[in-house]
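Data first, discussion second: the structure below is written as structure tokens.
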Amino acid sequence: RTRRRAVAVSSTAMDLSRLSVEAWSALWSRLGARNDAGPLHAAVLTRYGEAHRAYHTAEHIARILPLLDGVRARLREPDEAELALWLHDLVYDPRGADNEARSAAIAAEWLTAGGAPAERGERVRALIMATRHAAPPDEHDARYVVDADLSILGAAPPEFDRYETQVRREYAFVPEAEWRTRRAALLRRFLAQPRLFLTEEFGRFEGPARANLARSCARLEE
């Protein structure tokens, strides 16, 4: 299973060096934490390597972190936004409704245990909670975090289709007819939003995302 996942990741030419322990440790230090970052890094990668995941893996994090790097100068607290992307899917149970809340709690707990300022933990918690996509966030950095997380919607059609296949695998326990109905309804809700991407820099994904979503809805509803 591990070997198959490694092959799948490499086939996308994903730069997993962005997830190195060196990158993580440097971030951890910049956030003001003073404990050993190595064990936490190992715990993060273990979580993202869980067998029930297909899309919400280390590959997803490695894909979106460089997108955030590209807008780093626009962020008010770039290190907090980066940590939020590292950890926003730390807990992922397709049957659960509190994944983001649990991930956010762990992030805040780790920062507190590491000696980082308490307000950092609370801001990271809020950024992770924004990735529930329950409503467009008002907070400046949260808009960039949410846009990066949703950027897969505006990927090239083959990559988007691969994403759709991976998400279906994560929800393999849902019967096909129910899946089609629920998934189409979710995608229709996205399409009904005036804007999918909230920042100017991620606006380039808007048109491709709407085309991908419309195409997926047509498949699901046929």
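Summary table
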item: Sole exception among (1) touching a Pro at 6+ places or on another chain (Cβ under 7 Å); (2) over 27 Å from Ala51 (Cβ atoms) for Arg210, by number; result: (1)
item: Residues located in the stretch 175-196, provided they are under 20 Å from the mean Cα position of the chain (by Cα) and among the aliphatic types (A, V, I, L, M); result: Leu186, Leu187, Leu191, Leu196
item: Unique residue being open to solvent by 30 Å² or more (accessible area, probe 1.4 Å), out of contact with any strand residue (DSSP E or B) (no Cβ under 6 Å at 6 or more places or on another chain) and at pLDDT below 95 when the list is Ala126, Ala135; result: Ala135
item: Qualifying positions in the stretch 41-76 - farther than 30 Å from Thr165 by Cα and of a type in the set (A, V, I, L, M); result: Ala73, Leu75
item: Number of the condition not met by Ala104 [criteria: (1) surrounded by fewer than 19 Cβ atoms within 10 Å (Cβ to Cβ); (2) within 17 Å of the chain's Cα centre (by Cα); (3) within 21 Å of His52 (Cβ to Cβ)]; result: (1)
item: Cβ pairs under 6 Å, 6+ apart, first in the stretch 181-201 and within 16 Å of Gly154 (Cα to Cα), second of a type in the set (Val, Ile, Thr); result: Glu201/Val71
item: Matching residues in the stretch 182-194 - criterion: being touching a helix residue (DSSP H, G or I) at 6+ places or on another chain (Cβ under 8 Å) and open to solvent by 80 Å² or more (accessible area, probe 1.4 Å); result: Arg188
item: Selected residue (criterion: farthest from the chain's Cα centre (by Cα)) from residues of the stretch 138-174 that are polar (S, T, N, Q) and open to solvent by 10 Å² or more (accessible area, probe 1.4 Å); result: Thr165
item: In the stretch 166-177, the residues that are touching a residue at least 24 places away in the same chain (Cβ under 8 Å) and either polar (S, T, N, Q) or not in a helix (DSSP H, G or I) (or both); result: Gln166, Tyr171, Phe173
item: Filter result for the condition that a residue is aliphatic (A, V, I, L, M) and in contact with a Phe, Trp or Tyr (Cβ under 8 Å, 6 or more places away or on another chain), over Leu150, Leu127, Leu191, Leu186; result: Leu150
item: Given (1) of a type outside the set (S, T, N, Q); (2) at pLDDT below 95; (3) open to solvent by less than 50 Å² (accessible area, probe 1.4 Å), number of the condition Glu80 does not satisfy; result: (2)
item: Among residues of the stretch 89-139, those that are of a type in the set (Lys, Arg), free of Cβ contacts under 8 Å to residues at least 60 places away in the same chain and in a loop (DSSP other than H, G, I, E, B), counted; result: 1
item: Residue count for the stretch 12-28, restricted to those that are of a type in the set (Gly, Ala, Ser), modelled with pLDDT under 95 and not in a helix (DSSP H, G or I); result: 1
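The values are calculated or read from the model by the stated rules, or taken from the named source; none is laboratory data. Quantities reported herein were computed from a predicted structural model and do not represent experimental measurements. Here the Cβ is made from the backbone with ideal geometry for all residues, glycine too, and neighbour counts use every protein chain on show. Please note that ligands, DNA and RNA were not included when accessible areas were found on the heavy atoms of the full protein model with its side chains. Shrake-Rupley method; radii C 1.70, N 1.55, O 1.52, S 1.80 Å.
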